[in-house]
Amino acid sequence: MGFLQGKRALITGIASQRSIANGIAEAMHREGAELAFSYQNEKLKSRVEEVAAKLGGGPSFPLDVTDDAQIDALFAALGQHWPDGFDILIHAIAYAPREAIAGGFLDGLTRENFAMAHDISAYSLSALARGARPLMQGRQGAILTLSYLGAERALQSYNVMGVAKAALEASVRYLAFNLGPEGIRVNAISAGPIKTLAAAGIGGFRKILGHVEANAPIRRTVTIEDVGNAAAFLCSDLASGITGEVTYVDGGYNILGMTGLDESE
Ligand code: NAD
């Protein structure tokens with residue numbers, strides 16, 4: 001029996017087979033969870049439905065997180081699908097306009113880009129947590145989001161997305177603090193770079209992958225399976241004592257200081 005047997009999970013953020021959310025959905029399905037999904041727009045609907053069909057045939061609902069009415073409609077529909085509630089919310093959503101995540105920090109930064117990156121990539125976690133909260137009462141609920149090292153270090157090209165991820169990680173702590181008394185845990189995984197649609201927008205991404213492969217302690221980049229397995233654990237009762245944390249699934253890259261020094265010189 002899988003360690004998520006009897007759990008119900010809403011998976012957001014699938015845009016392709018390569019999406020981190022897809023890796024999480026696969027791991028959760030394997031461990032026995034019942035899944036429901038959201039898709040950002042009509043273009044992505046059939047892709048998400050394809051994944052859903054392979055992973056237990058759960059329903060898919062529309063969700064653009066910039067639209068409060070869609071957030072309300074999603075949780076109303078979910079409440080009908082699962083009248084006695086659900087246990088796990090996966091938030092795997094981020095966006096910044098392309099010009100803001102290439103070149104220098106100030107080059108593509110505008111008031112509008114800053115607001116949009118924060119709205120979609122950070123605020124949406126709290127908006128979804130607010131919607132999920134009544135449906136998670138009386139259960140051992142778990143909310144999980146995805147972050148990146150750029151939240152805490154200045155990384156080339158990540159720019160405004162790093163600032164939004166810092167807000168996201170702070171949101172994890174405030175949500176954990178406020179929802180903990182209701183039995184809801186809130187965590188983040190800080191994943192190493194993985195080639196997905198969202199990552200393709202980041203300037204120099206291929207070079208980032210090569211650098212991590214050459215320098216991370218495990219000498220490879222992580223996969224959506226690596227992240228999926230850790231996510232399944234963090235959202236299960238096996239992790240019942242863990243909340244408000246950012247857990248690195250990055251092959252140890254975050255521990256590094258200076259690397260590549262030639263000792264013979
Ligand atoms: P992805 O492109 O597969 O997923 C991004 C998702 O965000 C898509 O499903 C897209 O539909 C959704 N999205 C964007 N705007 C939205 C909106 N307005 N409403 C609803 N959904 C919206 O890429 P991914 O890499 O799997 O990204 C998932 C999460 O993982 C993101 O938060 C990303 O920042 C994070 N992350 C990615 C990496 C990486 O290297 N790929 C590393 C660390 C963290």
(request) Would you mind pulling out the separation of the Cα centroids of the stretch 159-238 and the stretch 5-77, in Å? (result) 18
(request) Diagonalise the Cα gyration tensor of the chain and give the resulting equivalent ellipsoid semi-axes, square root of 5 times each eigenvalue, largest first, whole Å. (result) 30, 21, 18
(message) Leaving ligands and nucleic acids out of the surface, order ASP250, ASP84, ASP107 by accessible area at 1.4 Å, largest first.
(response) ASP107, ASP84, ASP250
(request) Quick one: give the max-minus-min coordinate of the C-alpha atoms of the stretch 150-255 along each principal axis, largest first, in Å. (result) 44, 28, 26
(request) Apply the Debye scattering formula to the stretch 9-138, with a single equal point scatterer on each alpha-carbon and no solvent, then give log10 I(q)/I(0) at q = 0.17 Å⁻¹. (result) -0.89
(request) Using amide H atoms built 1.01 Å from N in the peptide plane, name the residues 5+ places from LYS7, or on other chains, whose amide H lies under 5 Å from its own. (result) GLU34
(request) Scan around THR247 for amide H atoms under 5 Å from its own, H built in the peptide plane at 1.01 Å from N, and keep only partners 5 or more places away or cross-chain. (result) ALA188, ILE189, SER190
(request) Calculate the translational D of the stretch 98-179 in whole µm² s⁻¹ from Stokes-Einstein, where the hydrodynamic radius comes from the Kirkwood formula applied to all Cα pairs, the temperature is 10 °C and the viscosity 1.306 mPa s. (result) 116
(request) Under a cut-off of 14 Å between alpha-carbon atoms, report the aspartates and glutamates in cross-link reach of LYS45, not counting same-chain residues fewer than 8 places apart. (result) ASP64
(message) With +1 on the Cβ of every Lys and Arg and -1 on the Cβ of every Asp and Glu, and nothing else charged, how large is the dipole of the chain about its Cα centre, in debye rounded to the nearest 20?
(response) 240
(request) In debye, nearest 20, what is the charge dipole magnitude of the stretch 66-188 about its Cα centre with +1 on Lys and Arg Cβ and -1 on Asp and Glu Cβ, if you could check? (result) 320
(request) Take the alpha-carbon positions of the stretch 155-196, form their convex hull, and give its projected area averaged over all directions (one quarter of the hull surface) in nm². (result) 3.7
(request) Take the solvent-accessible surface of the protein heavy atoms, probe 1.4 Å, and return the percent of it on the stretch 222-263 that carbon and sulfur atoms account for. (result) 55
(request) State in Å² the accessible area per residue of the stretch 1-109; use a 1.4 Å probe, count heavy atoms of protein chains only, and round to the nearest integer. (result) 46
(request) In debye, nearest 20, what is the charge dipole magnitude of the stretch 139-204 about its Cα centre with +1 on Lys and Arg Cβ and -1 on Asp and Glu Cβ, if you could check? (result) 100
(request) Could you pull out every residue, at least 5 positions away or on a different chain, whose amide H is within less than 5 Å of the one on ARG185? Hs are placed 1.01 Å off N in the peptide plane, and Pro or chain starts have none. (result) GLY141, ALA142, ILE143
(request) Find which of LEU155, LEU144, THR223 sits farthest along the positive direction of the dipole of the chain, computed with +1 on the beta-carbon of Lys and Arg, -1 on that of Asp and Glu, about the Cα centre. (result) THR223
(message) From the phi angles alone, apply the Karplus equation (6.51, -1.76, 1.60; θ = phi - 60°) to the stretch 138-146 and give each ³J(HN,Hα) in whole Hz, x where the residue is Gly or Pro.
(response) x, 10, 8, x, 9, 10, 9, 10, 10
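The values are calculated or read from the model by the stated rules, or taken from the named source; none is laboratory data. This structure is a prediction, so every number in the text was calculated from the model and none was measured. So basically every Cβ, Gly included, is an ideal-geometry build from the backbone, and we count neighbours across all protein chains shown. Side chains are part of the model used for accessible areas, which takes the heavy atoms of the whole protein and leaves out ligands, DNA and RNA. Shrake-Rupley method; radii C 1.70, N 1.55, O 1.52, S 1.80 Å.
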